[in-house]
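Presented below is the structure to which this report refers.
Every read-out reported here was derived from the displayed coordinates using simple, explicitly stated rules and does not represent laboratory data. Note that the structure is predicted; figures quoted are calculated from it, not measured. Reconstructed Cβ throughout: ideal geometry from the backbone, glycine too, with neighbour counts over all protein chains shown.
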Amino acid sequence: MSVTVVVGGQWGDEGKGRVIDVLSDRVQVVARYQGGSNAGHTIVNPYGKFALHLIPSGIFNPKIKCVVGNGVVVDPSEMIREIDELNGRGITTDNLYISDRAHVVVSYHRQQDHLEEMARGEMGIGTTKHGIGPTYADKYARIGIRMCDLQDETTLRDKLTFALYEKQRLFKAINANVDLPFDQIFGQLRGYGKRLAPHITDTVELVHAELSAGSNILIEGAQGTLLDIDFGTYPFVTSSSPTVGGACLGLGIPPSAIGHSLGVFKAYLTRVGAGPFPTELTGQQGDELRGRGNEFGTTTGRPRRCGWFDAVLAKYAVRINGLNSAAITKLDVLDELPMLKVCIGYEVDGCLSDRVPADLRQFAQCKPVYEEMPGWQTSTRDVRKIEDLPAAAQNYVSRLTELIGRPAALVSVGDAREQLITLKNPFDWIA
Ligand code: GDP
Ligand code: IMO
Ligand code: MG
């Protein structure tokens, strides 16, 4: 048995989906544990190009069970759209299991997300406006609606009545003219419940049965460590725990079950939305990186902010997650650059620091200290073995892994399944 957690080591969009897609043929279960349709996992495989938001990236293998755990917030309309799209393209979703404990994103959560972003004005977080924050807030305020509630008319009626009462009070207080017709929302939710009924189940039981059976389980993180509600650049974060610790709560498994944690890092750095980004490249250099890496959000289409690899943040991600190994993605995006920079520390008050401060005013004072490395200026996209990479590219990868302090298990040089260099099979390392 092995349980491997794959998490984003940066601000999301590291290529987690493509890593899961490649590794999923070696497991029996792939499970998501947090986030919602704010995630956008792009996968290019023999079936085509797909953007998954809620459905685990293992769905292309019909033999494995794909689990959406209790910690995920599920927008049923988005889930149904994604199921329909996959089915329409010949991919079965009969192997999709959604936790009955997962919280439901209701239309008013999206409205609230939108209104809150407008109210923040210049201080906006730049959320995906998919209602993620408000849904998690309602979960903790204990006025959320769960997938199991969609199955029972009386429970849903009671819970929705109370939730709408609370939302009406909230919207009225901020002078927002939002229509919340009970019958319409109730009817919609009941419809979703009926449609998704074949998928809704007790996934805690399911996952534990698989653990007992000795199955290999791959746990798929969404977002990234620096977007974590506790450890990210708060308040410019998402509202869940994308770090490895979140996997236990979001699936109902004990920490002792986790055998290996694989962190996915882009060979450079990107971020969507607002918030600090010490190594950000603005202007032409940033535009060039964005163009080469096609750095536009999978979920919102927004241009991603781009910058140099930041080893301070990467080491922080190693510590927070207890990472055992790393996957370095999108190395090919750097192919044409004559020179590369890597941030090896921050200069703070004339001293070198490798701390990530909680206070964003202090974080804004952190000036990246760079190490420069020569580029390789030749294509790596057809390379399949680490020793066949140009020497400068090999040096760059070894320097990143040295700074991260963990071995690289995978290096990717393109978005297709085969454009992957395997240095170590992550599953080999589990007793
Ligand atoms: P995720 O959210 O972590 O799954 O990452 P996204 O799918 O949002 O963003 C990663 C993007 O980079 C996707 O469009 C992938 O198809 C693409 N991608 C992944 N790995 C590579 C790679 O090694 N090279 C290139 N050029 N693109 C890649
Ligand atoms: P994947 O799984 C990159 C960012 C948003 C915003 C902040 C809060 O594809 O890596 P939210 O809608 O979650 O309340 O927005 O988090 N964000 C992501 N950035 N990749 C993601 O997911 C993201 N999911 C949320 O841009 O800054
Ligand atoms: Mg993404």
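Convert each backbone phi in the range 202-212 into a coupling constant with the Karplus relation 6.51 cos²θ - 1.76 cosθ + 1.60 (shift: θ = phi - 60°), then list the ³J(HN,Hα) values in order as whole Hz, x for Gly and Pro.
Karplus values, whole Hz, x for Gly and Pro: 7, 6, 5, 4, 4, 5, 5, 5, 5, 4, 5.
Could you please report the charge total around residue 151, scoring K, R as +1 and D, E as -1 over all other residues with beta-carbon less than 13 angstrom from its beta-carbon?
Values: positive: 101, 146, 157, 159, 190, 194, 195; negative: 100, 149, 152, 153, 202.
Charge balance near residue 151 sits at +2.
What order, most packed first, do the peptides 355-367, 287-299, 65-77 have when packing is the mean number of other Cβ atoms within 10 Å of each residue?
Taking the mean over residues of other Cβ atoms within 10 Å, the ranking is 65-77, 287-299, 355-367.
Name the long-range amide H neighbours of residue 412: under 5 Å, sequence gap of 5 or more, or other chain; modelled H, no Pro or chain starts.
328, 329, 330, 331, 421
Just want the ordering: 339, 79, from fewest to most Cβ atoms lying within 10 Å of their own Cβ. Walk me through the numbers before you get to the answer.
On the way: 339 9, 79 28.
Ranked by crowding around the Cβ, least crowded first: 339, 79.
What is the fewest-to-most order of 3, 104 by other Cβ atoms lying within 10 Å of their Cβ?
The order, fewest Cβ neighbours first, is 3, 104.
Could you please report the charge total around residue 250, scoring K, R as +1 and D, E as -1 over all other residues with beta-carbon less than 13 angstrom from its beta-carbon?
Taking every other residue near residue 250 into account, the sum is +1.
Could you tell me which of the pairs 49/385; 167/266; 65/266; 49/266; 65/424; 315/385 are separated by over 30 angstrom between their Cα atoms in the structure shown? Intermediate results must be reported in sequence, preceding the final value.
Values: 49/385 25 Å; 167/266 40 Å; 65/266 28 Å; 49/266 20 Å; 65/424 25 Å; 315/385 26 Å.
The answer is 167/266.
For the chain, modelled as a Gaussian network with Cα springs under 10 Å, which listed residue fluctuates most, 219, 174, 98?
Residue with maximal mean-square fluctuation among 219, 174, 98: 174.
Taking the Cα centre of each part, how many Å lie between the range 200-218 and the range 26-64?
If you average the Cα positions of each part, the centres end up 17 Å apart.
With angles folded into 0 to 90 degrees, how steeply does helix 391-404 sit against the dominant principal axis of the chain? Use alpha carbons for both and round to 10.
60 degrees
Can you list residues whose amide H is under 5 Å from residue 200's amide H, if they're 5+ apart or on another chain and H is modeled 1.01 Å from N?
98
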